[in-house]
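Derivation of every value follows stated rules applied to the coordinates shown; laboratory data play no part. None of these values were measured; they are calculated from a predicted model. So basically every Cβ, Gly included, is an ideal-geometry build from the backbone, and we count neighbours across all protein chains shown.
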Amino acid sequence: MNSKFPSFLIVEDHAIVRRGLKDILADEYPRAVFGEASDTPLALAALERRKWDIVLLDINIPGRGGLEVLEDICRLYPQTKVLIVSAYREEEFAVRAFKLGAAGYLGKHQASDELVKAVEKMLGGGKYVTAALAELLAAALSGGAECGAPHETLSPRELQVLRLIASGKTVKEIASSFRLSEKTVGTYRTRIAAKTGLGSNVELTRYAFQHGLTR
């Protein structure tokens, strides 16, 4: 990778966030190449068109979820580094993201200098891990308390649906946010119940709160 003139693909459905990320990186890398995508199909098309040094990827994007796209990138474009930039707390998705192949995880609430630090680390061939995340990864590797918990068996999309159910969203609302059919979301809901052994939304919501899966 050329750290002087790197290329960044920003995959985020909010234009103002894409602009903010681009502005921060453009200040540090004025000759960098930038690409943008607001949903999964556009992201995959951009990845097919050219090689990118780093993909800045939001988890909650329309279409297939960000973690599913992460799997595709790591499988199809192994030389491309993926930095997850998410509003979700590290304890919710970071360990899962690293297991899927992410090279870094950054909360949207973190300062701009942290973004630059993460990118510099990744351009140098390393992985960006905060102190808090390092503890989570260590706990996961050593078989911490959450190891083997029912929600660990959920797919990335199923976990997102569980979180939205816990937030009070209806199947119709979830389908709209993901641009999926209500039937498809209903299938995810059925799989979640089968894997967790929890049938009602009340039980799922209680479980999500107990395991820190809500914002």
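When only DSSP loop residues count, what trypsin sites (Lys or Arg not before Pro) in segment 1-81 have their Cβ near at most 14 other Cβ atoms within 10 Å?
Within segment 1-81, the qualifying trypsin sites (Lys or Arg not before Pro) (loop, at most 14 other Cβ atoms within 10 Å) are Lys4, Arg31, Arg50, Lys51.
Full-extension gain between Ala131 and Ala87, please, as 0.36 nm times their residue separation minus the C-alpha to C-alpha distance.
Length gained, Ala131 through Ala87: 14.0 nm.
Given an 8 Å cut-off on Cα distances and at least 6 residues of separation, report the relative contact order of the chain as a percent.
Details: 301 pairs, mean separation 35.2, N = 215.
Relative contact order of the chain: 16 percent.
Pairs to check: Lys99/Lys195; Lys81/Lys183; Lys51/Lys121; Lys117/Lys172; Lys22/Lys99; Lys22/Lys127. Give those whose C-alpha atoms are more than 30 Å from each other in this structure.
Violating the 30 Å limit, Cα to Cα: Lys81/Lys183; Lys117/Lys172.
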